[in-house]
Amino acid sequence: TINLNHDELWSGKPKNTDRVEKTVFLRHENNRVSDIIDVETADFVNARIKVSYLVNFDEAAKAKWFSVDNYVKHLCDWARAKVKEEVRSVTIGDFCDNYHAIVANALDYRETDKKALKYFPENGMMLCEVEALGLEVDREIQELMDEHQRNIIEKTLDLNASKQSAEMEKEIVALNTEK
């Protein structure tokens, strides 16, 4: 038999204890949990990542399902710690370019794996899927990064134009020499 202790459901993002609803209901399959994680990069830039998790509960561990008072908090605290640790080792530029992969790597997520990527033995919870849905960076930092990207694109276009011009000049010289 299952001990139907109360469970707590959180609403809102990022997950915190401000708005918690008590219930005896537990969705044990295809349970989507979303959160927002505040992180700081190696170059001290703050960012926010919106993430989504797919959670199932192990049928064989029904007796443990309610042994953690708040499984959402338990999951989000674990995931936040892993993601924050991983992000601290990359610059904001690298993070913006690869945030999906960085989040997946922090949580050991591989799309080809069919097994749970994290099993929580204390309550039989299984983290089965991770998605990084969006990234927010401070507006001023984002503007700096956009300007830097525009400069790189401009210089790349100038470089390509110069290469094409040099190639044309070489062909003209070669044709004149042949004449």
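Things to note:
- Scaling against 2.2 N^0.38 Å puts the C-alpha radius of gyration of region 39-179 at 1.71.
- If you wrap the Cα atoms of region 126-179 in a convex hull and average its projected area over all directions, you get 7.5 nm².
- Using a probe of 1.4 angstrom and keeping all protein chains present, the accessible surface of region 44-145 works out to 54 square angstrom per residue.
- Phi angles of region 121-138 translate, via the Karplus equation with coefficients 6.51, -1.76, 1.60 and θ = phi - 60°, into HN-Hα couplings of x, 5, 9, x, 6, 10, 7, 10, 8, 9, 10, 9, 8, x, 9, 10, 10, 3 Hz per residue; Gly and Pro are given as x.
- For LYS62, a cut-off of 15 angstrom between C-alpha atoms picks up these aspartates and glutamates, skipping any fewer than 8 places away in its own chain: ASP7, GLU29, GLU122.
- Burial ranking of peptide ranges 140-150, 87-97 (average Cβ count within 10 Å, highest at the top): 87-97, 140-150
- Equivalent ellipsoid dimensions for region 58-124 as semi-axes, Å, which come from the Cα gyration tensor, largest first: 29, 15, 7
The values are calculated or read from the model by the stated rules, or taken from the named source; none is laboratory data. Predicted model only: the values in this text are computed from it and were never measured. For neighbour counting, all protein chains shown are included, and Cβ atoms are generated from backbone atoms with ideal geometry for every residue, glycine included. Only protein heavy atoms, including side chains, enter the accessible area calculation; ligands, DNA and RNA are left aside. Shrake-Rupley method; radii C 1.70, N 1.55, O 1.52, S 1.80 Å.
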